[in-house]
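Engineer: The following block contains the structure, expressed as structure tokens.
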Amino acid sequence: METILLILPFAFLILGVALGPLFFPRFWHHNYGKLSLAAAATTYVLYTLTHTVDKANYHVAHVMFKEYIPFMVLAFGLFTVTVMVGRVWCGFTCPQTVWTMMFIWAEHFFEGDRNARIKLDKEPMSVRKFGKKFGKHFMWVTIALITGITFIGYFTPVRELITGLVTFDANPIAAFWVLFFTVGTYMNAGYLREQVCKYMCPYARFQSVMYDQDTLTVFYDFKR
């Protein structure tokens, strides 16, 4: 019951974000800040009623100084870099870019450049073609699996996790999330690639509004 009470303000806020702009857009756009503050205050009050004021204040301070403020500092740092040098984050440090480049390296190592890959795809199946395709996908799965294990290793002892996966005795929840991140990495970096940037990345949606006349940008030469 206690957990449900604490979840209710968050659930209310999520429903407001999802449904407010659709069903009562005028009210939502004029009052979403007040509604967010009301949800946060309600959560604080409920926590003080189910625990103590000291515990509530401790968790507020923890969230503020260890999560919210560092997040805002990093966000404004990213925005500042974008204003100055454009899409340097996307081009060099975004995980989607880094993992895609690793997958492209594996693809190039086994199958060659684009022309060689097109030629290989047109060939009938043979031992040579199977070996190249198998090597590429084996490398992709290996990188994706290491990624999944690393992510979940932040939340559970990694040695026990690896031992459990090898012996098929891992915690079912941990095993599920390892599989989830493995498949997600394999699909995103192996097949979706820049489509993630174009259609799924929220940063790409508002990145252009941070540009000004002095921002370093790269464009195609339309005369070519």
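The values are calculated or read from the model by the stated rules, or taken from the named source; none is laboratory data. Computed from a prediction, not measured in an experiment: that's the story for all the values here. All Cβ positions, even for glycine, are placed from backbone atoms using ideal geometry, and neighbour counts span all protein chains on display. To get the accessible areas, we keep the full protein, side chains included, count just its heavy atoms, and leave off ligands, DNA and RNA. Shrake-Rupley method; radii C 1.70, N 1.55, O 1.52, S 1.80 Å.
Engineer: Inside the stretch 200-224, can you point out the residues that are in contact (Cβ under 8 Å) with a residue 60 or more places away in the chain and either aromatic (F, W, Y) or in a helix (DSSP H, G or I) (or both)?
Structural biologist: Y203, A204, Q207, M210, Y211
Engineer: Does E160 satisfy the criteria of being farther than 27 Å from W89 by Cβ, among the acidic types (D, E) and touching a helix residue (DSSP H, G or I) at 6+ places or on another chain (Cβ under 7 Å)?
Structural biologist: No.
Engineer: Still on this structure, please answer the following. Say we look at the stretch 1-28 and pick out the residues that are exposed (fewer than 11 other Cβ atoms within 10 Å of the Cβ) and not aliphatic (A, V, I, L, M); which of these is nearest to A61 (Cα to Cα)?
Structural biologist: My answer is T3.
Engineer: If you scan the stretch 64-99, which residues turn out to be among the hydroxyl-bearing types (S, T, Y) and open to solvent by less than 50 Å² (accessible area, probe 1.4 Å)? Walk me through it before giving the result.
Structural biologist: Step one: of the stretch 64-99, the residues among the hydroxyl-bearing types (S, T, Y) are 68, 80, 82, 93, 97.
Of everything in the stretch 64-99, those that are among the hydroxyl-bearing types (S, T, Y) and open to solvent by less than 50 Å² (accessible area, probe 1.4 Å) turn out to be T82, T97.
Engineer: Tell me which residues, restricted to the stretch 130-168, are farther than 18 Å from M101 by Cβ and among the hydroxyl-bearing types (S, T, Y).
Structural biologist: Y154, T156, T163, T167
Engineer: Of the residues in the stretch 18-68, how many are under 16 Å from T3 (Cα atoms) and part of a helix (DSSP H, G or I)? Spell out the reasoning first.
Structural biologist: Taking the stretch 18-68 as the starting set, the residues that turn out to be under 16 Å from T3 (Cα atoms) are 39-40, 42-52, 55-56, 59.
Going one step further and asking which of them are part of a helix (DSSP H, G or I), we end up with 39-40, 42-50, 55-56, 59.
Total satisfying the criteria: 14.
Engineer: Would you point out which residue out of T142, T147 is without any contact (Cβ under 8 Å) to a residue 40 or more places away in the chain, closer than 30 Å to P172 by Cβ, open to solvent by less than 60 Å² (accessible area, probe 1.4 Å) and among the hydroxyl-bearing types (S, T, Y)?
Structural biologist: None of the other options fit; the residue is T142.
Engineer: Would you check which residues across the stretch 189-199 are farther than 19 Å from A75 by Cβ, in a helix (DSSP H, G or I) and either open to solvent by less than 50 Å² (accessible area, probe 1.4 Å) or free of Cβ contacts under 8 Å to residues at least 24 places away in the same chain (or both) and list them?
Structural biologist: Within the stretch 189-199, A189, G190, Y191, L192, Q195, V196, K198, Y199 qualify.
Engineer: Output the helices (runs of 4 or more DSSP H) that fall wholly within the stretch 69-147 and possess 3 or more residues being farther than 23 Å from G184 by Cβ, or say none.
Structural biologist: 69-85, 114-122
Engineer: Return the pairs, sorted by first residue and then second, in which the second residue is open to solvent by less than 50 Å² (accessible area, probe 1.4 Å), the first residue lies in the stretch 108-125 and is farther than 16 Å from K136 by Cα, the beta carbons are less than 8 Å apart, and the residues are 6+ apart or on different chains.
Structural biologist: From residues that are farther than 16 Å from K136 by Cα, the pairs are E123/K129.
Engineer: Quick check: is even one residue across the stretch 34-57 surrounded by 11 or more Cβ atoms within 10 Å (Cβ to Cβ), over 30 Å from V183 (Cα atoms) and of a type in the set (D, E)?
Structural biologist: no
Engineer: Since M210 meets every condition but one in (1) surrounded by 15 or more Cβ atoms within 10 Å (Cβ to Cβ); (2) farther than 29 Å from T80 by Cα, which condition does it not meet?
Structural biologist: Result: M210 passes all but (2).
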